[in-house]
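Below is one structure, written out as structure tokens; the observations come after it.
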Amino acid sequence: MEHLKEIARRSEGKLAGLTEIRRSLHRHPEAGWTEFRTTGMVVNRLRELGYRVETGKDCVHPDAVRGWPEEAVVSESRVAAGDLARDIEIPGAVGILERGDGPTVALRFDMDATEVSESTDSAHQPVAQGFASGKAAVMHACGHDAHVAIGLGAAELLAEDPDWRGRVKLLFQPAEEGGRGAHPMVEAGVVDDADYFACLHMGGPTLPLGEVALEATHFLSSVKMEARFRGVASHAGGAPERGRNALLAACQATLALHSLPRNGQGATFVNVGVLNAGTGTNVVPSGAHMKYEVRGGTDEICELMEEGARRCLEGAATLQGVEVDTEITGRTIGAKSDGEMKDHLAWVAGSSPVDFRVHDARPLGGGEDATYFMRRVQERGGKSLYFLLGGSTPTGHHTSTFDVDERALAHGAMLMAGMVLRLTGSGA
């Protein structure tokens, strides 16, 4: 217990540095698969701390990547990252530190921002303090900037501590939004040797600073898809009968998707988030591009929704005499934390000098691809945990005014480092 108290004291002493890291990341947000600057920062810091670092194909299997952006977007992100992107083939990194014989503990921290425009209101803290997003329509609206800072804080605490025994693997994951980044890392084998896996997420409005939920529950399975309708252009007034209206097909598909029957066995959700089409007011649209998702309370329900969605698109395309191609760009699955891991976290939180208010569980309220890590570790005989950390502002995730209480950075770093001490037998 004294060991853990020392970890907590040192974590509080690092708060200013962790806040600086978080604000730098917030000022320079990077959407999924463009996290070159963030990855470069992580790699440089881990190497400074003495970690062996894996990047590129060593930690992200390229054949399993989905939803890779257009090359112009990737190139722009590389240029913006400058020297930090020099040796980064693909976003993502794993830091490895060994302290002799003992179990392997993997901790995951996601890095990507969301495609949301940040508020310019002067009362919004990032605006008032001068670290608001500098990129149009991209911001850290889900707390991943805080997650990276927490990960680097835990990395520093563990590197400074000579007493734990075992192996720690810090997974800095790209492209969590859209369910794209964890599966390629799993396919690269990054957790195949892990005895334990843990990750956290900044909690929502109902989990304020100083509170911890030992388990996130009700993960929604989801499928993210893109559809491209291909029709025939014609003069909208002179010869509309010669055209094949891709926009009309996409609109009919949108209505059909939102009319899918729900499932009595669990939650179901549908959302068409993007629809672009047409070239002019007097031209029958020959092309339309749609991005949509379906979600289910279980993997099985989600699969039924996915099948229904395909029928909707194919039916709308047939009705208008156009063709449609679909592509899965991301997927999330369900998972459940192990009770043993919850007990360990409860001990760490309860033994900490921070007066945490501890909850047994809270629903996540969305999908998460960390579930791929959780399942792989569990399938190979290990234990997994996904918990929630209090410290978000009341506006909620994916909103233009989302922010975090930065005091939670020290809490998160301490809890993650404390879990390693506990799991390696060094924190009791």
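The values are calculated or read from the model by the stated rules, or taken from the named source; none is laboratory data. Every value quoted in this text rests on a predicted model; they were computed, and no experiment measured them. Ideal geometry is used to build each Cβ from the backbone, glycine not excepted, and the neighbour counts take in all protein chains shown. We work out accessible area using only protein heavy atoms, side chains counted, and drop any ligands, DNA or RNA first. Shrake-Rupley method; radii C 1.70, N 1.55, O 1.52, S 1.80 Å.
Key figures for this structure:
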{"item": "Degrees separating the helix 71-81 axis from the principal Cα axis of the chain, which is the longest one", "result": "30"}
{"item": "Beta bridges by DSSP in the chain, antiparallel share as percent, to the nearest 5", "result": "65"}
{"item": "Percent accessible area from carbon and sulfur atoms, the chain, protein chains only, probe 1.4 Å", "result": "47"}
{"item": "Cα-Cα over 30 Å, subset of K14/K135; K135/K383; K14/K57; K135/K291; K5/K57; K5/K342", "result": "K135/K383; K14/K57; K5/K57"}
{"item": "Mean separation of Cα contacts under 8 Å, 6 or more apart, over the residue count of the range 28-150: relative contact order %", "result": "35"}
{"item": "³J(HN,Hα), Karplus 6.51/-1.76/1.60, whole Hz, each residue of the range 279-292, x for Gly, Pro", "result": "10, x, 5, 10, 10, 5, x, 9, x, 8, 10, 10, 10, 8"}
{"item": "Solvent-accessible area per residue for the chain (1.4 angstrom probe, square angstrom)", "result": "40"}
{"item": "Label-to-label distance, nm, for residues given as D325 and E160 (7 Å Cα→Cβ offset)", "result": "5.4"}
{"item": "Value at 222 nm in deg cm²/dmol, rounded to 500, when DSSP H runs of n ≥ 4 in the chain each add -39,500 (n - 2.57)", "result": "-11000 deg cm²/dmol"}
{"item": "Protection proxy ranking, peptides 135-144, 358-367, average beta carbon neighbours within 10 Å, highest first", "result": "135-144, 358-367"}
{"item": "For peptides 237-244, 145-152, sequence by mean Cβ density within 10 Å, most packed first", "result": "145-152, 237-244"}
{"item": "Top of G40, G32, G50 by mean-square fluctuation, Gaussian network on the chain, Cα under 10 Å", "result": "G50"}
{"item": "Rounded FRET efficiency, nearest 0.05, which uses the C-beta distance separating H235 from K336 and R0 of 51 Å", "result": "0.30"}
{"item": "Order by protection proxy (mean Cβ within 10 Å, highest first), peptides 220-231, 15-26, 320-331, 258-269", "result": "220-231, 15-26, 320-331, 258-269"}
{"item": "For the chain: relative contact order, % (alpha-carbon pairs under 8 angstrom, 6 or more apart)", "result": "25"}
{"item": "Relative contact order %, the range 73-222, counting alpha carbon pairs below 8 Å whose residues are six or more apart", "result": "36"}
{"item": "Cα-only Debye scattering, the range 221-321: base-10 log of I(q)/I(0) at q = 0.14 Å⁻¹", "result": "-0.54"}
{"item": "Inter-label distance for V274 and D121, nm, one decimal - labels placed 7 Å from Cα along Cα-to-Cβ", "result": "2.7"}
{"item": "Sequence of W164, W68 from largest to smallest accessible area, 1.4 Å probe", "result": "W68, W164"}
